[in-house]
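> My questions will all concern the structure given below.
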Amino acid sequence: MIKVGVISLGCDKNRVDSEIMLASIREKGFLLTSEQNEADVIIINTCGFIEAARKESIDAILEAAQLKNSGKKIIVTGCMVQKFGKELLPELPEVNAFCGVDSYIKMGEIVEKVLNADSQFYDVEVCNGISSGKRVLTTPSHYAYLRIADGCDNYCSYCLIPYIRGRFRSRTISDIVGEAKQLAESGVRELILVAQDVTRYGADLYNSPKLTELLRSLSEIEQVRRIRLLYCYPEEIDEALIKEIASNPKIVKYLDIPLQHVHNDILKSMNRRSSFEEICELFKFLRTEIPDISIRSTFICGFPGEQTKHFLTLKSFIEKQKLENVGFFAYSPEEGTVAALMKERISEKVTQHRLQKLAKCQQKVVRILNKRHVGKVYEVLIDDFCELDSKKNLLIYKGRTYFQTPEVDGVVYIESENELVIGEFYDVAITDFKDYDLRGEVAK
């Protein structure tokens, strides 16, 4: 029996694509394996967002290519192929097939074709669809990412996504709810909504954003306990959405708002639509309407033209706003973007120095926030069993509160005398913390 292995790189949207591929492959009767050595066909789902991600993708391809002597076939797909496929074709003769981002749902057929072909196969078309359908979850069975749209119309000056994924396009509410019901029936209790721009959802189909309406429909699914929102652009977070989050018990009081910067000069250069004043006003309104809201964001450091005054404004914002979770990234010039042509480049040394300062600043913020958590009780979703602490004779589990998203935020380590059920919710009293992670015990 032919075995197929999939290596998924990049973001959680790529993970959804990989899960669709896995279902397509399994439907064709192939066996799935997580071991490259066992696989007859290795598929690498690449990321092409920034240079570091492309390097990781190339390294994974070359590592797989070392196994070709044993007769393995290699298929490369994903964002890197969608954008740079024609350049990769002559440079990677070891690869049997290059496939774009509209190929996921037919990957089973592509595997069949590659197994019966001697020459390279190339299938990259203009991206205008949305991959959806049956999935093989690669997350724990109790939570799943749910893609509600694809593509992007924001055209931030540093970003390749619109050139890779195409224009913004939403799935219908009925299609999304149908998939959500299937996931819930399979045991999923937490839905994590993703898109390049979640808050724009529905604007292309219904002439105005319909995220609030979608959330209400998803909330009617009885088995779903949590609905989490990622990638929410600040301009589209309106009063109706905020009030829905505040009043709907199933919607997690957590928003991922990728700001990228806060100084108006840099925001303008980035072609972002918000101003510093608007961002501060939004955060004030969010915290007034939803006092326990947890906000996550990401920031780019070293963007062309970022002067000391711009950096200090960003640093001050992070100190004052005290966001629960923050990611910092060095600017990466991407060929084909407007920012790549900007002349006022910041040196790597200065960029790294600023990144270190921001990281230290956020560490102080996290310590302040985590001290506030100690002594409180939170509902925690148990994600995994970790170990048996033989000295204390206690079982150690790993879980997440409402303010923790899988893989990007901290976790809660729970000590328990009794076995806990993976995928179930428990009230946990927070007793301590270390760095970004909390420690606790089941509340009595």
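The values are calculated or read from the model by the stated rules, or taken from the named source; none is laboratory data. Owing to the predicted nature of the structure, the values given are computational and were not obtained by experimental measurement. Note that we place each Cβ from the backbone using ideal geometry, even for glycine, and neighbour counts take in every protein chain shown.
> State whether the residues of the range 102-114 include one that is in contact with a strand residue (DSSP E or B) (Cβ under 9 Å, 6 or more places away or on another chain), of a type in the set (Val, Ile, Thr) and surrounded by fewer than 22 Cβ atoms within 10 Å (Cβ to Cβ).
Yes.
> I'd like to know if the range 370-377 contains one or more residues that are surrounded by fewer than 16 Cβ atoms within 10 Å (Cβ to Cβ), in a strand (DSSP E or B) and either over 27 Å from the mean Cα position of the chain (by Cα) or among the aliphatic types (A, V, I, L, M) (or both).
Our first condition is that a residue be surrounded by fewer than 16 Cβ atoms within 10 Å (Cβ to Cβ); within the range 370-377, this holds for 371-372, 374-377.
Next, from what is left, pick out any that are in a strand (DSSP E or B): 377.
Going one step further and asking which of them are either over 27 Å from the mean Cα position of the chain (by Cα) or among the aliphatic types (A, V, I, L, M) (or both), we end up with 377.
The answer is yes, given that some residue of the range 370-377 is surrounded by fewer than 16 Cβ atoms within 10 Å (Cβ to Cβ), in a strand (DSSP E or B) and either over 27 Å from the mean Cα position of the chain (by Cα) or among the aliphatic types (A, V, I, L, M) (or both).
> Moving on. So which residues in the range 28-54 are surrounded by fewer than 14 Cβ atoms within 10 Å (Cβ to Cβ) and at pLDDT 90 or above?
Result: Gly29, single match.
> Just to be sure, is Phe299 aromatic (Phe, Trp, Tyr), more than 24 Å from Val194 (Cβ to Cβ) and touching a residue at least 40 places away in the same chain (Cβ under 8 Å)?
no
> Report whether or not Glu335 is within 23 Å of Val350 (Cβ to Cβ), free of Cβ contacts under 8 Å to residues at least 24 places away in the same chain, not in a helix (DSSP H, G or I) and not assigned by TED's automatic domain parsing to the domain that holds Thr401. Lay out the reasoning, then the answer.
Numbers: within 23 Å of Val350 (Cβ to Cβ): yes; free of Cβ contacts under 8 Å to residues at least 24 places away in the same chain: yes; not in a helix (DSSP H, G or I): yes; not assigned by TED's automatic domain parsing to the domain that holds Thr401: yes.
When the stated conditions are applied, Glu335 passes them.
> Let me ask something additional. Could you please find all residues in the range 168-219 being outside any helix (DSSP H, G or I), among the β-branched types (Val, Ile, Thr) and in contact with a Pro (Cβ under 8 Å, 6 or more places away or on another chain)? Working first, answer last.
Within the range 168-219, the subset outside any helix (DSSP H, G or I) is 168-172, 186-197, 201-202, 207-210.
If we keep only those that are among the β-branched types (Val, Ile, Thr) too, we end up with 172, 188, 192, 194.
Matches in the range 168-219: Ile192 only.
> Filter the range 411-442 for residues that are outside any strand (DSSP E or B), over 22 Å from His142 (Cα atoms) and in contact with a strand residue (DSSP E or B) (Cβ under 7 Å, 6 or more places away or on another chain) and give the result. Let's see the steps before the verdict.
At the first step, the residues of the range 411-442 found to be outside any strand (DSSP E or B) are 411, 417-424, 435-436.
Imposing the further condition that a residue be over 22 Å from His142 (Cα atoms) reduces the set to 417, 435-436.
Correct list: Glu417 only.
> So for the range 179-195 (the condition being closer than 25 Å to Val124 by Cβ, crowded, with 20+ Cβ neighbours inside 10 Å and out of contact with any His (no Cβ under 9 Å at 6 or more places or on another chain)), does at least one residue qualify?
yes
> Being at pLDDT 85 or above and not charged (D, E, K, R) narrows it down to one residue among Ala117, Ala60; which is it?
Ala60
> Taking the range 1-49 only, how many residues are assigned to a loop (DSSP other than H, G, I, E, B) and either in contact with an Asp or Glu (Cβ under 8 Å, 6 or more places away or on another chain) or not small (Gly, Ala, Ser) (or both)?
14
> Could you check Thr298 against (1) surrounded by 15 or more Cβ atoms within 10 Å (Cβ to Cβ); (2) polar (S, T, N, Q); (3) over 22 Å from the mean Cα position of the chain (by Cα) and say which number it fails?
(3)
> What do you reckon, is Asn116 within 21 Å of Leu32 (Cα to Cα), of a type outside the set (Val, Ile, Thr) and not assigned by TED's automatic domain parsing to the domain that holds Glu334?
Taking the combined requirement at face value, the residue satisfies it.
> Also, I was wondering about something else. Looking at the range 315-323, is at least one residue assigned to a helix (DSSP H, G or I), over 25 Å from Tyr402 (Cβ atoms) and at pLDDT 95 or above? Explain how you work it out, then say what you get.
Filtering the range 315-323 for residues assigned to a helix (DSSP H, G or I) gives 315-321.
Of the ones still in play, those that are also over 25 Å from Tyr402 (Cβ atoms) are 315-316.
Checking which are at pLDDT 95 or above leaves us with 315-316.
Checking the range 315-323: at least one residue is assigned to a helix (DSSP H, G or I), over 25 Å from Tyr402 (Cβ atoms) and at pLDDT 95 or above.
> Let me ask something else about it. Which number in (1) within 18 Å of the chain's Cα centre (by Cα); (2) assigned to a loop (DSSP other than H, G, I, E, B) marks the one condition that Val224 misses?
So the condition that Val224 fails would be (1).
> Just one of (1) in the same structural domain as Ser269 (by TED's automatic domain parsing); (2) in a strand (DSSP E or B) trips up Val366, so point out which.
(2)
> Moving on. Answer with yes or no whether Leu420 is surrounded by 15 or more Cβ atoms within 10 Å (Cβ to Cβ) and hydrophobic (A, V, I, L, M, F, W, C).
yes
> Another one. I'd like to check something: does the range 223-231 contain any residue that is at positive phi and either surrounded by fewer than 22 Cβ atoms within 10 Å (Cβ to Cβ) or not hydrophobic (A, V, I, L, M, F, W, C) (or both)?
yes
> Pairs under 8 Å by beta carbon, first residue more than 12 Å from Met21 (Cα to Cα) and in contact (Cβ under 8 Å) with a residue 12 or more places away in the chain in the range 96-116, partner basic (Lys, Arg) and part of a loop (DSSP other than H, G, I, E, B), six or more apart or different chains?
Glu112/Lys28
> Residues being surrounded by fewer than 14 Cβ atoms within 10 Å (Cβ to Cβ), part of a strand (DSSP E or B) and not aliphatic (A, V, I, L, M): count how many of those fall in the range 387-410.
Total meeting the criteria: 2.
> Take the residues in the range 260-295 that are touching a strand residue (DSSP E or B) at 6+ places or on another chain (Cβ under 8 Å) and closer than 24 Å to His373 by Cβ; name whichever of them is surrounded by the fewest Cβ atoms within 10 Å (Cβ to Cβ).
Asp292
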